[in-house]
Amino acid sequence: MDAQDSIEDLIERIGEAATGEETSLREVVEALGQRSLAAYLLVPSLAVLSPLSGVPLFSTICGAAIFLISAQMLMRRDHLWLPDILMRRRLPSKRLEAAVRWMRAPARFLDRITARRIGFLVHRPFIWVTQAMCLIAGLVMPVLELVPFTSSILGGMVSMLALGMLARDGVFTILGFAAIGGLYSGLTTLLH
């Protein structure tokens, strides 16, 4: 992955958005600048894995963002659009800074282990399946906020799929689908 596309760089740009007492999603999007939609998808999926997931309705906001970004990927848009109601959402900058600190080490690790592998999994037509799975995960995340940790599990799966698309690393796509299969298997076992 190029240095300009590194996950660590994306995390640092998010941290730069936290300038006042509170930070809006609009400020985070502006700090990221013109990036691929996969980079934008990675941000809320990683955020829902962070301590921010304990903030009420945070997982719902991340799920809505994941849904909208995935839908735009499926429509093959080349730039991000989010509704103003999401863009105006604010959270304390101290919480955002804590989340950025928490995400730095994993971001560095992921930058070291990604490479361009198994390319057919991150190109059409297979990438549409990946984008559709992210869309579904974003759609159900608000519902799962009621069950502790489930939105974080979904966030982890979306993170793997988004990382696969961003780094063009099919290994992470496989890991994301394996995690989805494991979650589905676990849920069906519990429900029967």
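The values are calculated or read from the model by the stated rules, or taken from the named source; none is laboratory data. No experiment lies behind these values; they were computed from the predicted model shown. Counting neighbours? That spans all protein chains shown, and the Cβs are built from the backbone with ideal geometry, glycine included. In case anyone asks, the SASA skips ligands and DNA or RNA and just uses the protein heavy atoms, side chains included. Shrake-Rupley method; radii C 1.70, N 1.55, O 1.52, S 1.80 Å.
Hey, among L42, L49, L32, which residue is of a type outside the set (G, A, S) and out of contact with any Leu (no Cβ under 8 Å at 6 or more places or on another chain)? Spell out the reasoning first.
Details: L42 fails: out of contact with any Leu (no Cβ under 8 Å at 6 or more places or on another chain); L32 fails: out of contact with any Leu (no Cβ under 8 Å at 6 or more places or on another chain).
Within the list L42, L49, L32, the selection yields L49.
Just to be sure before I move on: is M133 open to solvent by less than 50 Å² (accessible area, probe 1.4 Å), modelled with pLDDT of 85 or more and closer than 17 Å to I69 by Cβ in the structure I sent? It is false that M133 is open to solvent by less than 50 Å² (accessible area, probe 1.4 Å), modelled with pLDDT of 85 or more and closer than 17 Å to I69 by Cβ.
So that you can scan it fast, the table gives a plain yes or no per residue for (1) modelled with pLDDT under 90; (2) touching a strand residue (DSSP E or B) at 6+ places or on another chain (Cβ under 7 Å); (3) open to solvent by 20 Å² or more (accessible area, probe 1.4 Å):
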{"site": "L25", "(1), (2), (3)": "yes, no, yes"}
{"site": "A39", "(1), (2), (3)": "yes, no, no"}
{"site": "S53", "(1), (2), (3)": "yes, no, yes"}
{"site": "D84", "(1), (2), (3)": "yes, no, yes"}
{"site": "R88", "(1), (2), (3)": "yes, yes, yes"}
{"site": "W102", "(1), (2), (3)": "yes, no, yes"}
{"site": "L110", "(1), (2), (3)": "yes, no, yes"}
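In the stretch 57-159, which helices (runs of 4 or more DSSP H) lie fully inside it and hold 3 or more residues that are of a type in the set (D, E, K, R)?
93-113
Report yes if some residue within the stretch 123-143 is without any contact (Cβ under 8 Å) to a residue 60 or more places away in the chain and over 21 Å from M75 (Cα atoms); otherwise report no. Yes - at least one qualifying residue is present in the stretch 123-143. Taking first residues from the stretch 163-192 that are buried (at least 16 other Cβ atoms within 10 Å of the Cβ) and partners that are among the small types (G, A, S) and not in a helix (DSSP H, G or I), the Cβ contacts under 7 Å between residues at least 6 apart in sequence or on separate chains come to L166/S36; D169/A115.
For S70, are the conditions met, namely being open to solvent by 40 Å² or more (accessible area, probe 1.4 Å), of a type in the set (S, T, N, Q), closer than 24 Å to W128 by Cβ and under 15 Å from the mean Cα position of the chain (by Cα)? In short, no. When G138, G119 are checked against the criterion of being touching a Gly at 6+ places or on another chain (Cβ under 6 Å), open to solvent by less than 80 Å² (accessible area, probe 1.4 Å), modelled with pLDDT of 85 or more and among the small types (G, A, S), G138 stands alone in meeting it.
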